[in-house]
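The values are calculated or read from the model by the stated rules, or taken from the named source; none is laboratory data. Given the structure is predicted, the values throughout are model-derived calculations rather than measurements. Reconstructed Cβ throughout: ideal geometry from the backbone, glycine too, with neighbour counts over all protein chains shown. Accessible surface is based on the protein model in full, side chains and every heavy atom, while ligands, DNA and RNA are left aside. Shrake-Rupley method; radii C 1.70, N 1.55, O 1.52, S 1.80 Å.
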Amino acid sequence: SGTIPFRRIVDQYYGAYFLWSPFYAKVNTFNKIIYLDWVLGVGYAYMSETNNRNELGGSGVGTFENESESHHSISWDVGLKFYLSSSFDIRLDLTALHYQTPSVINLDSEEKNWFSHYDVSLSLGYKF
């Protein structure tokens, strides 16, 4: 006697991107110049995720195993790369994955719906 939420958890993804840095800037703050690049990317990713689709199709009684699925996705990336020195940089990225998977609303249907997954990441880089 209650509702069961649908959970889709992305376990991992990997892929390849074409990256382009069309703009760069110099910001002067308190007599210190900060260099930065704006990075754009588009690519392909392969992802694996876990969901509770089996739990939604059941009677609600008993234990249900989570289902693991893999998908091919179209992805894009937008980032800012801040140069701390000639060797170190900090990069802030927004990565999006767009993929198709079977419908959650009608479990007996072969219809596929588009879903999206977004990640924000902060990384530290070192250049040799």
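What the table below lists for this structure:
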quantity: Counted residues, region 29-61 - those being open to solvent by less than 80 Å² (accessible area, probe 1.4 Å), at pLDDT below 90 and charged (D, E, K, R); calculated: 2
quantity: Failed item, numbered, when Ile105 is tested on (1) under 14 Å from the mean Cα position of the chain (by Cα); (2) modelled with pLDDT under 90; (3) of a type in the set (A, V, I, L, M, F, W, C); calculated: (1)
quantity: Candidate set from region 40-55 (those that are in a strand (DSSP E or B) and polar (S, T, N, Q)); member that is nearest to the chain's Cα centre (by Cα); calculated: Ser48
quantity: Search result, residues across region 1-15 that are touching a Ser or Thr at 6+ places or on another chain (Cβ under 8 Å), exposed (fewer than 14 other Cβ atoms within 10 Å of the Cβ) and either over 23 Å from Thr101 (Cβ atoms) or not charged (D, E, K, R) (or both); calculated: Ile9, Gln12
quantity: Verdict on Phe18 being at negative phi, part of a strand (DSSP E or B), modelled with pLDDT of 90 or more and exposed (fewer than 13 other Cβ atoms within 10 Å of the Cβ); calculated: yes
